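Down below is the structure, laid out as structure tokens.
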Amino acid sequence: DGNSYGINVAKIREIITYQPVTPVPNAHPSVEGIFMPRDTMITAIDLRNCLQRGQSQPGGLFIITSFNKLDIAFHVDSVVGIHRVSWVDIIKPGATVSTTEDGISTGIIKIDGRLIIILDFEKIISDINPETGLKVTEIEALGVRSENEVPILIAEDSALLRKLIVDSLKKSGYENIIKAENGEEAWEYIQKTADEA
């Protein structure tokens, strides 16, 4: 629909032309189906459907991502470009765009006069199937853990993953957790701490 969205390029394995998929019965409405390029089964997600912009038609491209031991293809109309941006240039989405744990945006960037919403692909996948996220229940099964005050600094742009990581660490007994939304914030914290110590 003329809108552009972004993804962190570190999560992209490759971009390929659309390939026909095999529909999966009783799957989530955003799951187009599965396909097997080079003997690897990949689930195809209709990004238009996820963003409530209708259904994708055959054609376009698949952005193949790999995270959390999952290979997922996001069906998109096109890829406009690849841009190197600094976290300084990324605007944090406001509460009207994205609440911390419920939104699918990790930030917004202005490129060539257009606002590009950077999508939280982990959140999109977790919304489709919650079992794909970090499984806090597996940590709970380990039982009560002794408290540990070792400081841990977490840098994660996905609000969902950041919360899951912090919750998992707390359930594992770690209480001294410092959260940063990106590497730059984490680096500033490290420098500040080094200067003070």
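The values are calculated or read from the model by the stated rules, or taken from the named source; none is laboratory data. Just so it is clear, the structure is predicted and the values come from calculations on it, not from any experiment. A quick note on method: Cβ atoms are made from the backbone with ideal geometry, for glycine too, and the neighbour counts reach across all protein chains shown. Keep in mind that these areas ignore ligands, DNA and RNA; they rest on the heavy atoms of the full protein, side chains included. Shrake-Rupley method; radii C 1.70, N 1.55, O 1.52, S 1.80 Å.
A few points about this structure:
- Peptide packing for 114-125, 162-173 was compared via the average number of neighbouring C-beta atoms within 10 Å per residue; ordered from the highest value, the list is 114-125, 162-173.
- Within the chain, percent of DSSP bridges classed antiparallel, to nearest 5: 70 percent
- Whichever lysines have a C-alpha closer than 18 Å to that of K69, once near sequence neighbours (fewer than 8 apart) are set aside: K11, K123, K135
- Listed by chain and number, the aspartates and glutamates placed with their C-alpha closer than 15 angstrom to that of K170 are E138, E140, E147, E149; residues fewer than eight positions away on the same chain are left out.
- Three-way shape call for the range 22-89 based on the alpha-carbon gyration tensor, with the a/c threshold at 1.5: prolate
- With a simple spin-label model that places each label point 7 Å from the Cα along the Cα-to-Cβ direction, the separation between R38 and L70 comes to 2.1 nm.
- Within the accessible area of the chain (1.4 Å probe), percent carbon and sulfur: 52 percent
- Point-charge dipole on Cβ atoms (K/R +1, D/E -1) for the chain, about Cα centre, debye to 20: 380 debye
- On a per residue basis, the chain carries 61 Å² of accessible surface, using protein heavy atoms and a 1.4 Å probe.
- Leading residue at positive end of dipole, the range 145-190 (Cβ point charges), from P151, I178, S168: S168
- Compared with the dominant Cα axis of the chain, that is its longest principal axis, helix 183-196 is turned about 10°.
- Helix-only CD estimate at 222 nm, as mean residue ellipticity for the chain, using -39500 (n - 2.57) per DSSP H run (n ≥ 4): -6000 deg cm²/dmol
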